[in-house]
Amino acid sequence: MKAGKGSAKPLPNALTGLAQVRGASAAEKRLVLYYPDAFKRHYLQILDRYRQELARQGGKPVGWKTIRNMVMAPEDEKLARERGGQRDRINVETARPESTAVSEENFKGWYDKDKSHLPSDVKFQYIERFVRFLRKSGAIDDIERALDLAQGEYVRDALHLFYRPNSYGGDRLVLKERDLALAEKFVSGGCFEVEAQWLGEGPPRPAVCLFLVRDYGNHVTPVDIVLLRKEGREGEEEQPDFVPLYTGFLVTDNILALGEEQVALWGKLILSKGSGATPRDDGIASLAEGGTYKSSVTFSADGAEISLETGDDLALLGPVFGVEAGGGDKKEGLAPPPMRRVRRDHRIEALERSLAFRYRPWD
Amino acid sequence: MGLSKAEIERKLKQMIGNPLFDAARMDDVGLMQGALDRGRSLNEQGPGSGFTPLHTAALNGSLRFLEEALKIKHVDPWIRDNKGMLAIDHAEVRRDRAAMNLLFDAMYPNGQVRFSE
């Protein structure tokens, strides 16, 4: 907004030396407090599933009043404490005080199938707080794991439909059953150690980089690349201490069994860095934010070898697979060091369970 | 046009040297204290990711760093990175309960939300 000709401009605080102390205006609150609609819908879905889970466990329906009281417990308790000091002025026979910030009717409206409105940003704060509280207590792990795995399967199906790898070329069978059987044997559930290039002097704490492959299905295989610390944190040795690096899919265009002991997959490696971290944040000297890379991977009982086409993006991704930063300048394809197969133990299995939880974009 | 090898190396070198982010990644409280004494801020956001040192610590599960950093008065756990995520979001994806507890308590002092009606 432009100031009028004759209007006096406010002096900057640095000149007056006075700090302006006042509460945030409604406009400022809207600027600071913003939740995307997709974020609100996701949290409401989690809360609804939590309500259903409570009902299942308790063997009786759980209403929105119960959920409202759980969400608003801190505000109700605060109100009760404040009114506790004014007992002579209130009717102590009445029910416990309830904050008016969020009501049972609000919940009924948000979950009404005939209505589409969402909680305002100010009201949604209370739901966000409650869901985060449930999350840190582990109460919604199963619910969120199921939602995130379902999303992963949805993306896998979409990729299958989009790329349409086909077992037949005309009337000729391209993907033979024997090839598929070997892919199932050497690819599904594979876990491989990757010789990543680290930023600076090395990993922040003794760590390895792992390339985790899930089940081979519809010629699309979910993959994850993570940094796993060799020893868990003090007192949490059994828990995997890891940093998620990349997540994505290996989309197979063709498979070829190389004898009985090896199988090669040609296709695309689609990776994304959900965290958005830079090398300074996670310690891997890769500047790649993700992308689609033409690749071939040869799997065997001992390990896997990945071959990556050259390209500008690859010059950034190379360090993940042990290629010096900028190695993509080379004209020929890159053959990073072989990846060693790692035995799946309880820590790897716990890691895979944790990797079900995903970063979700909201915009 | 893509980046040349020299440009990539230059960018990587630029990223080394901000002691608060290194401290957050390595869970080094001494390094953090030294950087704070030299006037660095825990609310500083890095180029590219928009992470604050709290984001980096949450991503790496650096508990000692988080514990000490969250005691400092000016630190803001509500800063969003360039993907719109809070530090606690990174701890939640990893289901790092200890880091989640520390950040939750800092975000909701006495259990209260930021803006009440």
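Values quoted throughout were computed directly from the atomic coordinates according to the rules given, and no laboratory measurement underlies them. Worth saying up front: this structure is predicted, and the values here are computed from it rather than measured. All Cβ positions, even for glycine, are placed from backbone atoms using ideal geometry, and neighbour counts span all protein chains on display.
Rank these for me by crowding, B:Arg38, B:Arg95, going from fewest to most other beta carbons within 10 Å.
Values: B:Arg38 9, B:Arg95 21.
Starting with the residue having the fewest Cβ neighbours, the order is B:Arg38, B:Arg95.
In whole Hz and in residue order, list the ³J(HN,Hα) couplings for region B:45-53 that follow from phi through the Karplus curve 6.51 cos²θ - 1.76 cosθ + 1.60, θ = phi - 60°; x for Gly and Pro.
Result, ordered by residue: 9, x, x, x, 8, x, 5, 9, x Hz.
Got a sec to turn the phi values of region A:336-349 into Karplus ³J(HN,Hα) couplings, 6.51 cos²θ - 1.76 cosθ + 1.60 with θ = phi - 60°, whole Hz, x for Gly and Pro?
These are the phi-based 3J(HN,Hα) values: x, x, x, 9, 8, 5, 10, 5, 7, 10, 5, 6, 5, 5 Hz.
Per-residue Cβ counts within 10 Å, from other chains only, averaged over B:25-36: what number is that?
Numbers: counts 12, 5, 3, 1, 0, 0, 0, 0, 0, 0, 0, 0.
Partner Cβ neighbours, averaged per residue: 2.
Between B:His55, B:His90, B:His74, find the one with the highest GNM mean-square fluctuation for chain B; connect C-alpha pairs within less than 10 Å.
Looking only at B:His55, B:His90, B:His74, the largest GNM fluctuation is found for B:His74.
Search the structure for amide H atoms under 5 Å from the amide H of A:Ala207, placed 1.01 Å from N in the peptide plane, and list their residues when 5 or more places away or on another chain.
A:Lys230
Write down the Kirkwood hydrodynamic radius of chain B, to one decimal in angstroms, obtained as one divided by the mean of 1/r over all alpha carbon pairs.
Across chain B, the inverse of the average 1/r is 14.9 Å.
If one computes the Cα centroid of region A:30-60 and of region A:176-254, what distance in Å separates the two points?
32
Using θ = phi - 60° and the Karplus form 6.51 cos²θ - 1.76 cosθ + 1.60, what ³J(HN,Hα) does each residue of region B:94-108 get, whole Hz, x for Gly and Pro?
8, 6, 8, 4, 5, 5, 4, 4, 4, 6, 4, 4, 6, 6, 10
Using all C-alpha to C-alpha distances in region A:33-87, build P(r) with 10 Å bins and read off the rounded percent in each one.
Bin by bin from 0 Å, the calculated values are 20, 33, 30, 16, 1.
If the elastic network links every pair of Cα atoms under 10 Å, which of B:Met32, B:Met100, B:Met85 fluctuates the most in the Gaussian network model of chain B?
With Cα springs under 10 Å in chain B, the top fluctuation among B:Met32, B:Met100, B:Met85 is at B:Met85.
Return the FRET efficiency for the residue pair B:Gln45, B:Ser4: r is the Cβ-Cβ distance, R0 is 25 Å, and the value is rounded to the nearest 0.05. Intermediate values should be presented prior to the final figure.
Values: r = 27 Å, r/R0 = 1.09.
The value I calculate is 0.40.
Amide H of A:Asn254 versus every other amide H placed in the peptide plane: which residues, excluding those fewer than 5 positions away on the same chain, fall under 5 Å?
Under 5 Å from the amide H of A:Asn254 lie the amide H atoms of A:Trp266, each far enough along the sequence or on another chain.
Quick one: if the Förster radius is 22 Å, what FRET efficiency do B:Asp76 and A:Tyr34 give, using the C-beta to C-beta distance and rounding to 0.05?
Taking R0 as 22 Å, the efficiency between B:Asp76 and A:Tyr34 is 0.90.
Taking amide H positions as placed in the peptide plane 1.01 Å from N, state which residues far from A:Leu245 in sequence (5 or more) or on other chains have amide H under 5 Å from it.
It is A:Ile225, A:Val226, A:Leu227, by chain and number.
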